[in-house]
Amino acid sequence: MKAFALDGFGEGGSVRDLPVPEPEEGQLRLRVVAAGLNPFDVAVVKGYMKDHMEHRFPLIPGMDASGTVDALGGGVEGYAVGDEVFGSVGKRYLGEGTLAEFTTVSAGTVTHKPSSFDHTVAAAIPTAGVTALNMADALALSERQTVVVVGATGGVGSYFVQLAARKGARVIAVCRGENADYARSLGATDVIDYAAGDVADEVRSRYPDGIDAVADMHGDAEQQLAGLTEQVSSGGHVASVVGALDIEALGARGVEGTNVQGRVTTESLEILFGMLEAGEIVPPEIRTYPLAEVGEALAAVGTSHVRGKIVVALGEEL
(Lines give C-alpha, C1' and ligand atoms only; values in the text may rest on other atoms or scores of the structure.)
Protein backbone atom coordinates (compact mmCIF):
# COMPACT_ATOMS: atom_id res chain seq x y z
CA MET A 1 0.00 0.00 0.00
CA LYS A 2 0.99 3.64 -0.42
CA ALA A 3 1.58 5.44 2.88
CA PHE A 4 3.25 8.57 4.20
CA ALA A 5 5.87 7.52 6.75
CA LEU A 6 9.05 8.65 8.45
CA ASP A 7 12.02 6.77 9.86
CA GLY A 8 12.93 9.21 12.63
CA PHE A 9 11.61 12.21 14.53
CA GLY A 10 11.86 15.56 12.84
CA GLU A 11 12.30 14.05 9.38
CA GLY A 12 10.30 15.24 6.41
CA GLY A 13 8.83 11.82 5.71
CA SER A 14 7.89 10.41 2.30
CA VAL A 15 5.22 8.47 0.47
CA ARG A 16 6.38 4.87 0.11
CA ASP A 17 5.17 1.29 -0.29
CA LEU A 18 4.52 -0.51 3.01
CA PRO A 19 2.78 -3.79 3.90
CA VAL A 20 -0.98 -3.73 4.36
CA PRO A 21 -1.68 -4.10 8.12
CA GLU A 22 -3.68 -7.02 9.49
CA PRO A 23 -6.52 -6.27 11.95
CA GLU A 24 -5.99 -7.60 15.46
CA GLU A 25 -8.64 -8.66 17.98
CA GLY A 26 -11.29 -5.94 18.24
CA GLN A 27 -10.06 -4.04 15.17
CA LEU A 28 -11.33 -3.27 11.69
CA ARG A 29 -9.17 -2.66 8.64
CA LEU A 30 -10.23 0.32 6.56
CA ARG A 31 -9.56 1.23 2.99
CA VAL A 32 -9.03 4.92 3.76
CA VAL A 33 -10.83 7.49 1.63
CA ALA A 34 -9.97 10.57 3.72
CA ALA A 35 -7.75 11.26 6.75
CA GLY A 36 -8.19 14.28 9.00
CA LEU A 37 -5.10 16.04 10.38
CA ASN A 38 -4.75 17.50 13.88
CA PRO A 39 -2.05 19.40 15.80
CA PHE A 40 -1.39 16.13 17.65
CA ASP A 41 -0.10 14.64 14.39
CA VAL A 42 2.45 17.43 14.10
CA ALA A 43 3.52 16.81 17.71
CA VAL A 44 4.05 13.11 16.90
CA VAL A 45 6.14 13.83 13.81
CA LYS A 46 8.34 16.26 15.74
CA GLY A 47 8.91 13.73 18.52
CA TYR A 48 7.07 15.63 21.25
CA MET A 49 5.18 12.48 22.29
CA LYS A 50 8.17 10.12 22.42
CA ASP A 51 8.26 10.04 26.24
CA HIS A 52 4.51 9.49 26.54
CA MET A 53 3.59 6.72 24.09
CA GLU A 54 5.28 3.86 22.27
CA HIS A 55 6.26 4.70 18.68
CA ARG A 56 6.65 2.14 15.92
CA PHE A 57 8.79 2.84 12.83
CA PRO A 58 8.50 3.38 9.98
CA LEU A 59 5.97 5.71 11.58
CA ILE A 60 2.73 6.48 9.75
CA PRO A 61 1.07 9.52 11.39
CA GLY A 62 -2.64 10.27 11.51
CA MET A 63 -5.39 9.62 14.04
CA ASP A 64 -8.64 10.26 12.15
CA ALA A 65 -10.08 8.62 9.05
CA SER A 66 -13.17 7.79 7.07
CA GLY A 67 -13.35 4.87 4.70
CA THR A 68 -14.70 1.42 3.90
CA VAL A 69 -14.30 -1.72 6.02
CA ASP A 70 -11.93 -4.08 4.22
CA ALA A 71 -11.41 -6.80 6.86
CA LEU A 72 -12.49 -7.64 10.41
CA GLY A 73 -10.43 -8.81 13.37
CA GLY A 74 -11.68 -11.33 15.89
CA GLY A 75 -14.51 -10.36 18.22
CA VAL A 76 -15.81 -7.49 16.09
CA GLU A 77 -19.60 -7.29 15.87
CA GLY A 78 -21.94 -4.86 14.16
CA TYR A 79 -19.72 -4.27 11.14
CA ALA A 80 -19.30 -6.02 7.80
CA VAL A 81 -16.88 -5.76 4.90
CA GLY A 82 -18.05 -2.90 2.69
CA ASP A 83 -19.52 -0.78 5.50
CA GLU A 84 -18.60 2.90 5.46
CA VAL A 85 -17.23 4.01 8.83
CA PHE A 86 -15.32 6.92 10.35
CA GLY A 87 -13.50 7.60 13.59
CA SER A 88 -10.07 7.46 15.21
CA VAL A 89 -7.45 4.69 15.36
CA GLY A 90 -7.82 4.07 19.11
CA LYS A 91 -4.42 2.46 19.69
CA ARG A 92 -2.10 2.61 22.71
CA TYR A 93 0.90 3.18 20.45
CA LEU A 94 1.75 5.47 17.54
CA GLY A 95 2.97 4.62 14.07
CA GLU A 96 0.15 2.71 12.40
CA GLY A 97 -1.88 5.78 11.53
CA THR A 98 -4.36 6.92 8.92
CA LEU A 99 -2.09 8.54 6.29
CA ALA A 100 -2.14 5.33 4.27
CA GLU A 101 -4.35 3.54 1.79
CA PHE A 102 -5.20 1.03 4.54
CA THR A 103 -5.23 1.33 8.31
CA THR A 104 -6.52 -0.62 11.30
CA VAL A 105 -8.81 0.99 13.88
CA SER A 106 -10.42 -0.04 17.15
CA ALA A 107 -14.10 -0.94 16.87
CA GLY A 108 -14.68 1.18 19.98
CA THR A 109 -13.47 4.41 18.40
CA VAL A 110 -15.39 4.33 15.10
CA THR A 111 -18.99 4.21 13.98
CA HIS A 112 -20.98 3.85 10.78
CA LYS A 113 -20.80 6.86 8.49
CA PRO A 114 -24.21 8.29 7.66
CA SER A 115 -24.90 8.67 3.95
CA SER A 116 -25.86 12.30 4.57
CA PHE A 117 -22.25 13.47 4.59
CA ASP A 118 -19.20 12.44 2.62
CA HIS A 119 -15.89 10.93 3.72
CA THR A 120 -14.09 14.28 3.69
CA VAL A 121 -16.55 15.78 6.18
CA ALA A 122 -16.51 12.59 8.27
CA ALA A 123 -12.70 12.60 8.51
CA ALA A 124 -12.81 16.17 9.85
CA ILE A 125 -15.01 15.20 12.81
CA PRO A 126 -13.36 12.76 15.26
CA THR A 127 -10.57 14.36 17.31
CA ALA A 128 -11.54 18.01 16.82
CA GLY A 129 -15.27 17.45 17.24
CA VAL A 130 -14.99 15.21 20.29
CA THR A 131 -12.48 17.56 21.94
CA ALA A 132 -14.90 20.46 21.42
CA LEU A 133 -17.76 18.37 22.81
CA ASN A 134 -15.73 17.50 25.92
CA MET A 135 -14.71 21.14 26.34
CA ALA A 136 -18.32 22.29 26.15
CA ASP A 137 -19.23 19.76 28.86
CA ALA A 138 -16.31 20.90 31.05
CA LEU A 139 -17.31 24.56 30.86
CA ALA A 140 -20.97 23.81 31.69
CA LEU A 141 -22.12 26.88 29.76
CA SER A 142 -25.65 28.19 30.04
CA GLU A 143 -27.71 30.90 28.39
CA ARG A 144 -26.33 34.46 28.43
CA GLN A 145 -22.99 33.45 29.92
CA THR A 146 -19.90 35.01 28.33
CA VAL A 147 -17.10 32.73 27.12
CA VAL A 148 -13.83 33.85 25.54
CA VAL A 149 -12.64 31.34 22.94
CA VAL A 150 -8.91 31.49 22.13
CA GLY A 151 -8.25 29.84 18.77
CA ALA A 152 -11.89 30.10 17.76
CA THR A 153 -11.48 29.37 14.06
CA GLY A 154 -9.22 26.30 14.12
CA GLY A 155 -10.42 22.70 14.07
CA VAL A 156 -11.57 22.40 17.68
CA GLY A 157 -12.67 26.03 17.80
CA SER A 158 -14.88 25.68 14.71
CA TYR A 159 -16.94 23.05 16.52
CA PHE A 160 -16.75 24.59 19.99
CA VAL A 161 -18.03 28.04 18.95
CA GLN A 162 -21.11 26.37 17.49
CA LEU A 163 -21.69 24.20 20.56
CA ALA A 164 -21.35 27.19 22.90
CA ALA A 165 -23.66 29.36 20.79
CA ARG A 166 -26.18 26.53 20.68
CA LYS A 167 -26.30 26.65 24.50
CA GLY A 168 -27.18 30.35 24.31
CA ALA A 169 -23.78 31.59 25.47
CA ARG A 170 -22.28 34.85 24.28
CA VAL A 171 -19.17 33.76 22.40
CA ILE A 172 -16.17 36.08 22.17
CA ALA A 173 -13.93 34.69 19.43
CA VAL A 174 -10.20 35.38 19.58
CA CYS A 175 -8.70 34.86 16.12
CA ARG A 176 -6.96 36.62 13.27
CA GLY A 177 -8.86 39.59 11.86
CA GLU A 178 -9.22 37.94 8.46
CA ASN A 179 -11.20 35.12 10.09
CA ALA A 180 -13.72 37.39 11.81
CA ASP A 181 -16.56 36.74 9.35
CA TYR A 182 -15.97 32.99 9.59
CA ALA A 183 -16.10 33.17 13.40
CA ARG A 184 -19.39 35.07 13.26
CA SER A 185 -20.82 32.54 10.81
CA LEU A 186 -20.19 29.87 13.44
CA GLY A 187 -22.10 31.82 16.09
CA ALA A 188 -19.60 34.24 17.65
CA THR A 189 -21.22 37.46 18.86
CA ASP A 190 -17.97 39.40 19.21
CA VAL A 191 -14.49 39.01 17.70
CA ILE A 192 -11.08 40.11 18.98
CA ASP A 193 -8.11 40.19 16.61
CA TYR A 194 -5.19 38.87 18.66
CA ALA A 195 -2.72 40.60 16.34
CA ALA A 196 -4.19 44.05 17.03
CA GLY A 197 -3.12 44.33 20.66
CA ASP A 198 -3.26 42.72 24.09
CA VAL A 199 -6.23 40.34 24.12
CA ALA A 200 -6.70 40.37 27.91
CA ASP A 201 -6.76 44.17 27.97
CA GLU A 202 -9.29 44.23 25.13
CA VAL A 203 -11.56 41.76 26.92
CA ARG A 204 -11.34 43.82 30.12
CA SER A 205 -12.24 46.94 28.18
CA ARG A 206 -15.27 45.41 26.50
CA TYR A 207 -16.48 43.34 29.47
CA PRO A 208 -15.53 45.25 32.63
CA ASP A 209 -17.87 43.15 34.79
CA GLY A 210 -15.88 40.00 34.04
CA ILE A 211 -16.51 36.84 32.05
CA ASP A 212 -17.88 33.41 32.89
CA ALA A 213 -15.50 31.11 31.06
CA VAL A 214 -12.39 30.76 28.90
CA ALA A 215 -11.89 28.05 26.26
CA ASP A 216 -8.23 27.79 25.29
CA MET A 217 -7.25 26.04 22.07
CA HIS A 218 -3.72 27.49 21.83
CA GLY A 219 -1.89 27.87 25.14
CA ASP A 220 1.14 29.37 23.38
CA ALA A 221 0.90 32.72 25.15
CA GLU A 222 1.02 31.92 28.87
CA GLN A 223 0.84 35.54 29.94
CA GLN A 224 -2.19 36.16 27.75
CA LEU A 225 -4.01 33.12 29.14
CA ALA A 226 -3.26 34.23 32.71
CA GLY A 227 -4.62 37.68 31.89
CA LEU A 228 -7.85 36.13 30.68
CA THR A 229 -8.35 33.60 33.45
CA GLU A 230 -8.00 36.28 36.14
CA GLN A 231 -11.09 37.92 34.65
CA VAL A 232 -13.24 34.81 35.15
CA SER A 233 -15.76 35.35 37.93
CA SER A 234 -15.87 33.06 40.95
CA GLY A 235 -17.95 30.01 40.06
CA GLY A 236 -16.77 30.21 36.48
CA HIS A 237 -14.85 27.70 34.37
CA VAL A 238 -11.67 27.53 32.30
CA ALA A 239 -10.75 24.69 29.94
CA SER A 240 -7.63 24.09 27.84
CA VAL A 241 -6.93 21.47 25.20
CA VAL A 242 -3.14 21.88 25.56
CA GLY A 243 -2.72 21.17 29.27
CA ALA A 244 -1.90 24.80 30.01
CA LEU A 245 -3.88 25.26 33.23
CA ASP A 246 -2.82 25.40 36.86
CA ILE A 247 -5.91 23.68 38.23
CA GLU A 248 -4.98 24.26 41.88
CA ALA A 249 -4.38 28.00 41.46
CA LEU A 250 -7.69 28.44 39.66
CA GLY A 251 -9.51 26.47 42.33
CA ALA A 252 -8.14 28.79 45.03
CA ARG A 253 -10.05 31.60 43.29
CA GLY A 254 -13.26 29.62 43.04
CA VAL A 255 -12.76 28.87 39.35
CA GLU A 256 -12.97 25.31 38.03
CA GLY A 257 -10.20 24.41 35.58
CA THR A 258 -10.07 21.41 33.25
CA ASN A 259 -7.34 20.24 30.90
CA VAL A 260 -9.49 18.61 28.24
CA GLN A 261 -8.60 15.61 26.09
CA GLY A 262 -10.31 14.39 22.95
CA ARG A 263 -10.93 10.74 23.78
CA VAL A 264 -12.93 9.50 20.80
CA THR A 265 -15.63 6.89 21.42
CA THR A 266 -18.40 5.47 19.28
CA GLU A 267 -20.93 7.25 21.48
CA SER A 268 -19.27 10.67 21.14
CA LEU A 269 -19.10 10.32 17.36
CA GLU A 270 -22.79 9.45 17.23
CA ILE A 271 -23.66 12.54 19.27
CA LEU A 272 -21.75 14.74 16.84
CA PHE A 273 -23.12 13.32 13.61
CA GLY A 274 -26.60 13.46 15.16
CA MET A 275 -26.12 17.20 15.60
CA LEU A 276 -24.79 17.52 12.06
CA GLU A 277 -27.69 15.59 10.57
CA ALA A 278 -30.19 17.68 12.55
CA GLY A 279 -28.58 20.90 11.31
CA GLU A 280 -27.70 21.96 14.87
CA ILE A 281 -24.05 22.40 13.83
CA VAL A 282 -22.32 22.50 10.44
CA PRO A 283 -18.98 21.09 9.28
CA PRO A 284 -15.99 23.39 9.56
CA GLU A 285 -14.32 24.88 6.52
CA ILE A 286 -12.19 22.09 5.02
CA ARG A 287 -9.06 22.28 2.87
CA THR A 288 -7.95 19.06 1.17
CA TYR A 289 -4.49 17.83 0.13
CA PRO A 290 -3.48 14.71 -1.83
CA LEU A 291 -1.28 12.06 -0.19
CA ALA A 292 1.70 13.31 -2.20
CA GLU A 293 1.46 16.66 -0.39
CA VAL A 294 1.17 15.43 3.20
CA GLY A 295 4.39 17.21 4.14
CA GLU A 296 2.88 20.53 3.10
CA ALA A 297 -0.37 19.69 4.88
CA LEU A 298 1.43 18.93 8.16
CA ALA A 299 3.45 22.13 7.82
CA ALA A 300 0.23 24.09 7.40
CA VAL A 301 -1.27 22.52 10.54
CA GLY A 302 1.96 23.30 12.37
CA THR A 303 1.54 27.03 11.78
CA SER A 304 -1.54 27.05 14.06
CA HIS A 305 -3.19 29.36 11.53
CA VAL A 306 -5.45 26.90 9.70
CA ARG A 307 -9.06 28.01 9.40
CA GLY A 308 -11.25 24.98 9.97
CA LYS A 309 -9.73 21.60 9.16
CA ILE A 310 -7.22 20.02 6.80
CA VAL A 311 -8.08 16.61 5.32
CA VAL A 312 -5.89 14.36 3.17
CA ALA A 313 -7.69 12.64 0.28
CA LEU A 314 -6.54 9.05 -0.29
CA GLY A 315 -9.34 7.43 -2.28
CA GLU A 316 -12.41 8.04 -4.38
CA GLU A 317 -15.72 8.98 -2.80
CA LEU A 318 -18.28 6.25 -3.45
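The values are calculated or read from the model by the stated rules, or taken from the named source; none is laboratory data. A quick note: this is a predicted structure, and the numbers were derived from the prediction, not measured. All Cβ positions, even for glycine, are placed from backbone atoms using ideal geometry, and neighbour counts span all protein chains on display. Areas reflect the complete protein model, heavy atoms only, side chains present, ligands, DNA and RNA absent. Shrake-Rupley method; radii C 1.70, N 1.55, O 1.52, S 1.80 Å.
Gyration tensor over the Cα atoms of segment 1-153: the corresponding equivalent ellipsoid has semi-axes (square roots of 5 times the eigenvalues, largest first) of 27, 22, 14 Å. The 1.4 Å probe gives accessible areas that order LYS167, LYS91, largest first, as LYS167, LYS91. With all protein chains kept in place, the per residue accessible area of the chain amounts to 42 square angstrom at a probe of 1.4 angstrom.
Among 267-274, 245-252, the peptide with the highest mean count of other Cβ atoms within 10 Å heads the list, and the full ranking is 267-274, 245-252. Taking only the alpha carbons of the chain, we obtain Rg and Dmax values of 19.6, 60 Å in that order. Working from label points 7 Å from Cα in the Cα-to-Cβ sense, the ASP118 to TYR207 distance is 3.7 nm.
Take the Cα of THR288, step 7 Å along the line toward its Cβ, and report every residue of segment 110-129 whose backbone nitrogen sits under 13 Å from that point. Flagged as within label range: 118-124.
Distance from the Cα centroid of segment 120-155 to that of segment 238-304 is 6 Å (rounded to whole angstrom). When shorter helices are ignored and each DSSP H run of at least 4 residues is given -39500 (n - 2.57), the per-residue value for the chain at 222 nm works out to -8000 deg cm²/dmol. When the residues TYR159, TYR79 are ordered by accessible surface, computed with a 1.4 Å probe over the protein chains alone, the sequence from largest down reads TYR79, TYR159.
Ranked from largest to smallest solvent-accessible area, with a 1.4 Å probe on the protein heavy atoms, ASP17, ASP209 come out as ASP209, ASP17. For LYS2, a cut-off of 14 angstrom between C-alpha atoms picks up these aspartates and glutamates, skipping any fewer than 8 places away in its own chain: ASP17, GLU96, GLU101, GLU293. For the residue pairs LYS46/LYS309; LYS91/LYS167; LYS46/LYS167, the alpha carbons lie more than 26 Å apart in LYS91/LYS167; LYS46/LYS167. Highest-first packing order for the peptide set 92-98, 113-119 is 92-98, 113-119, based on the mean count of other beta carbon atoms within 10 Å. Ligands, DNA and RNA left out, the accessible area of the chain computed with a 1.4 Å probe is 46% carbon and sulfur. Mean separation of Cα pairs under 8 Å and 6 or more residues apart, divided by the residue count, gives the chain a relative contact order of 20 percent.
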